[in-house]
Amino acid sequence: MTPHHFLTLLDLSSAELEQLLRRAIDLKTMHRLGEQYTPLRQRTMAMIFEKSSTRTRVSFEVGMSQLGGSSLFLSPRDTHLGRGEPIADTARVMSRMVDVIVIRANEHDMVARFAEHSLVPVINALTDRHHPCQLLADIQTYIEARGSIRGRTAAWIGDGNNVCHSWINAAKRFGFHLNIATPAGYQPSAEVLEASGDCVTLIRDPQEAARGADIVITDTWASMGQEDEKAQRLKDFSGYMVDRRLMQLAHKDALFMHCLPAYRGYEVEAAVIDGPQSVVWDEAENRLHAQKALLEYLLVPAGTGSQP
Ligand code: CP
Ligand code: NVA
């Protein structure tokens, strides 16, 4: 049987995603109450990371440990992948030994090819195209703070990058509208936009995008792998900082979100990210709870999830 992979948010239906986030909120409560819940005893998660990570690595490892399982972290230097062993062969071998494989890759195609040959679920922990795990945590954070996101308006200000692509998919699955303001040449991928139907409006002017929005989101102007473009990008993104003036155009109860790591004074003013509308620390914490719900969804057969 083909395993259920999680490479983009579109791999789950709206109903499945909504249920998963309800479960994430339950698991968070159980954790706060000190309840032990270890359905993944004797299960192992492999983590193949081609890029740096603080939040994703820590939240997956801690989450797996809290669920009773164990994890192994593999950088490109640790496996033969870094020496040219084919992705397909690595997937065939590793998936005979472990129960789930979490991959952070330079190229989305690497994760897709790995998944094609894996006998166990593969989770995308960020690629150049998507960051779906981030969006599980972000939507959980919105729901906890403000209730349902259906019918709301979010404003993405900055680069039309991997996280932006996952926000586009989230708009489709969770039923909200996304205004995207990017400088010329930094729009999100046409292919990703096409799959979103009419949930997205592309705008050049950040002020127009933020006006009346319920959430304002941004991300670094130079993602991992784009270090060489940094000087040019700093010029191109001038005028796209999320500052207090921009936040004042949004709804008075608007939240500010950022996946982190953040660069204060560039894509966001310190007074915004460290101010009262910012929920960035909740987003970061919710990586743990949302990914525990994801691991449970992928690895624990339906109906057995409540067994201690
Ligand atoms: N937001 C996020 O994925 O952070 P890391 O790169 O630290 O994992
Ligand atoms: N867009 C950023 C997100 C980091 C979590 C990057 O890819 O580096």
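Every read-out reported here was derived from the displayed coordinates using simple, explicitly stated rules and does not represent laboratory data. What you are looking at is a predicted structure, and each value in this text was computed from that prediction instead of being measured. Cβ atoms come from the backbone with ideal geometry, glycine included; neighbour counts cover every protein chain shown.
Ranked by the mean number of other Cβ atoms within 10 Å per residue, highest first, peptides 23-33, 200-210, 171-181 order as 171-181, 200-210, 23-33. Across the chain, the mean sequence separation of Cα contacts (distance under 8 Å, 6 or more residues apart), normalised by length, yields a relative contact order of 21 percent. With a cut-off of 15 Å between beta carbons, the residues surrounding G225 carry a summed charge of -4, where Lys and Arg count +1 and Asp and Glu -1. Computed over the alpha-carbon pairs of segment 168-222, the distance histogram in 10 Å steps reads 22, 57, 21 percent, short to long. Relative to the longest principal axis of the chain, what angle (0 to 90°, nearest 10) does the C-alpha long axis of helix 132-146 take? It works out to around 60 degrees. Each Cα pair under 8 Å and six or more residues apart adds its separation to the average, and for segment 221-308 the resulting relative contact order is 24 percent. Give me the one-decimal Kirkwood hydrodynamic radius in Å for the chain, with the sum taken over alpha-carbon pairs. Answer for the chain: a Kirkwood hydrodynamic radius of 19.8 Å.
In this Cβ point-charge picture (+1 for Lys and Arg, -1 for Asp and Glu), segment 198-246 has a dipole of about 240 debye about its Cα centre. Once segment 79-120 is represented by equal point scatterers at the alpha-carbon sites, with solvent omitted, what log10 I(q)/I(0) does the Debye formula produce at q = 0.23 Å⁻¹? With no solvent term, the Cα-only Debye profile gives -0.74. Within the shell defined by Cβ-Cβ distances under 12 Å, the residues around K51 carry a net charge of -2, with Lys and Arg each +1 and Asp and Glu each -1.
The charge dipole of the chain, taken about its Cα centre with unit charges on the Cβ atoms of Lys, Arg (+1), Asp and Glu (-1) only, comes to about 540 debye. Summing Lys and Arg as +1 and Asp and Glu as -1 over all other residues whose Cβ lies under 11 Å from the Cβ of R152 gives a net charge of 0. Each of the peptides 57-70, 270-283, 113-126 was scored by the mean count of other Cβ atoms within 10 Å over its residues; in descending order, highest first, they stand as 113-126, 57-70, 270-283.
Computed from Cα atoms alone, the Kirkwood hydrodynamic radius reported for segment 99-160 is 13.7 Å. Each listed q (0.20, 0.28 Å⁻¹) maps to a log10 I(q)/I(0) for segment 19-79 from the Debye sum over equal C-alpha point scatterers, namely -0.85, -1.17. Packing-based ranking of 214-227, 154-167 yields 154-167, 214-227, ordered from highest to lowest mean Cβ neighbour count within 10 Å. For segment 216-288, a simple Cβ point-charge model (Lys and Arg +1, Asp and Glu -1, everything else neutral) yields a dipole of about 240 debye relative to the Cα centre. Based on the Kirkwood radius over alpha-carbon pairs, what is the Stokes-Einstein translational diffusion coefficient of segment 5-141 at 37 °C with 0.692 mPa s viscosity, in µm²/s? After rounding, the answer is 210 µm²/s. What the phi angles of segment 179-187 give under the Karplus curve with 6.51, -1.76 and 1.60, with θ = phi - 60°, is a coupling list of 8, 10, 10, 10, x, 4, x, 10, 5 Hz, glycine and proline written as x. From largest to smallest, the equivalent ellipsoid semi-axes obtained for segment 56-215 from the alpha-carbon gyration tensor read 33, 19, 13 Å.
Each principal axis of the Cα cloud of segment 251-303 was evaluated for its coordinate range; sorted largest first, these ranges are 46, 24, 13 Å.
For segment 166-277, the Kirkwood estimate of the hydrodynamic radius, built from every pair of different alpha carbons, is 14.7 Å.
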